[in-house]
Amino acid sequence: MAVNTLEFAQLTQTALDKQVIAEATSGWMELNASQVRYTGGSEVKIPKLSMDGLGDYDRDNGFVQGSVTLAWQTKTLTQDRGRTFQLDSMDVDETAFVATASAVMSEFQRTKVIPEIDAYRYSSIATQALAKSKGESGYTPAAATILTKIRDAAYKIYDIAGEVPLVLTMSMNVASLLEASTEIAKYMDTVDFARGEIHTKVRSIDGIPIIKVPSARMKTKYVFYDGTTKGDSVPDQTGGGFAADSTAKDINFIIQARDTAIAVSKTDKIRVFAPDTNQKADAWKIDYRKYHDLWILDNQFDRIYVNTK
């Protein structure tokens, strides 16, 4: 059973000494969830429309008959994650109210939930795209070549899909090399970028917004711990969370059309039960649940390019 370790306050500073960690970088993908109609359950049906191309018009017989096919792709939500915490009512008082439900959950989302969501989404995009041969593996980034790699990747997408709006996501390590490029000034500018209702200014290459991500979140594969398992044959997973798999590769960058990845988050629920409501203990009980996934439609992989080390 999990045990809380709360050091009681003597001299009180009201502000938490917060861990240094980046905020969410993949939230913009949730704007694409409007493409999905969800009515409950773990599966979502997504329509895929295909049709015949042009044929010759015959002046005697008229038009050549064509066909239209509508098929439904079934996608399943796979990431059902959660955690519960319990804060004894006396502990809350004796920590000078620093360990309150709002403070605990704010830190939990910022330091545990956000990094895991980012890591899952980027690894999922990379895994799916590379399985379709949409990218390159084995490139070691260098200041002399990184700009060319990025522009070549973008124009591979443009060559198939036209000049669709793209987003460039790259690890911080690779971003530092990019900015060391002697040619970068010719192509870099600043553009507006929307993440939900938040609009920010970000740097861009050829008008493509650059999203910089902590390198620990840019791996091709992760292990997501169940939060309960402990034994000789497996790592201690009781602390939950996630870690890079031993076979994971570093993701240098991902270029994709903005509407390609559909990030669906169906449950982002926090429940707080006061000590008088909690039936099990004289304690604040805090529940958190996140039910989410990321999908790429079958016809959209030509609009993605992944580069790994």
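Residues that are under 29 Å from K266 (Cα atoms), free of Cβ contacts under 8 Å to residues at least 24 places away in the same chain and not charged (D, E, K, R) are absent from region 117-124.
Screening G40 with (1) assigned to a strand (DSSP E or B); (2) surrounded by fewer than 16 Cβ atoms within 10 Å (Cβ to Cβ); (3) at pLDDT below 80 gives one miss only, at (1).
Residue-wise test of (1) part of a strand (DSSP E or B); (2) farther than 19 Å from L168 by Cβ.
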| site | (1), (2) |
| --- | --- |
| S204 | yes, no |
| G239 | no, yes |
| A243 | yes, yes |
| T277 | no, yes |
| Y288 | yes, yes |
| W295 | yes, yes |
| F301 | no, no |
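Return yes or no: is A194 closer than 14 Å to I211 by Cβ, surrounded by fewer than 18 Cβ atoms within 10 Å (Cβ to Cβ), at pLDDT below 95 and not charged (D, E, K, R)? Yes, satisfied. Among the residues making up region 173-202, those that are within 15 Å of T25 (Cα to Cα) and not in a strand (DSSP E or B) are A175, G196, E197. Residue check: is L87 touching a strand residue (DSSP E or B) at 6+ places or on another chain (Cβ under 6 Å), more than 30 Å from L54 (Cα to Cα) and surrounded by 18 or more Cβ atoms within 10 Å (Cβ to Cβ)? Yes, satisfied. For region 269-309, taking the residues that are among the hydroxyl-bearing types (S, T, Y) and touching a residue at least 40 places away in the same chain (Cβ under 8 Å), the one that is surrounded by the fewest Cβ atoms within 10 Å (Cβ to Cβ) is identified as Y291. Contact map, region 183-208: residues that are touching a residue at least 40 places away in the same chain (Cβ under 8 Å) and within 17 Å of Y155 (Cα to Cα) paired with residues that are basic (K, R) and surrounded by 10 or more Cβ atoms within 10 Å (Cβ to Cβ), Cβ distance under 8 Å, separation 6+ or inter-chain. Pairs shown: Y187/R151; I205/R151; D206/R151.
Scanning region 225-251 for residues that are over 14 Å from the mean Cα position of the chain (by Cα) and within 20 Å of L294 (Cα to Cα) returns Y225, D226, G241, A243, A244, D245, A248, K249, D250.
Conditions (1) part of a loop (DSSP other than H, G, I, E, B); (2) farther than 30 Å from A274 by Cβ; (3) in contact with a Phe, Trp or Tyr (Cβ under 6 Å, 6 or more places away or on another chain); (4) at pLDDT below 90, marked per residue:
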{"site": "V3", "(1), (2), (3), (4)": "yes, no, no, yes"}
{"site": "D17", "(1), (2), (3), (4)": "yes, no, no, yes"}
{"site": "A22", "(1), (2), (3), (4)": "yes, yes, no, yes"}
{"site": "A33", "(1), (2), (3), (4)": "no, yes, no, yes"}
{"site": "D60", "(1), (2), (3), (4)": "yes, yes, no, no"}
{"site": "A71", "(1), (2), (3), (4)": "no, yes, no, yes"}
{"site": "T74", "(1), (2), (3), (4)": "no, yes, no, yes"}
{"site": "V92", "(1), (2), (3), (4)": "no, no, no, yes"}
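In region 102-160, of all residues being of a type in the set (F, W, Y) and part of a helix (DSSP H, G or I), the one that is modelled with the lowest pLDDT corresponds to F108. Here the condition is being crowded, with 18+ Cβ neighbours inside 10 Å, farther than 30 Å from D268 by Cβ and among the small types (G, A, S); of S181, S176, it holds for S181 alone.
The values are calculated or read from the model by the stated rules, or taken from the named source; none is laboratory data. All values derive from a computational prediction rather than experimental measurement. Every residue, glycine as well, gets a Cβ built from its backbone with ideal geometry; the counts of neighbours run over all protein chains shown.
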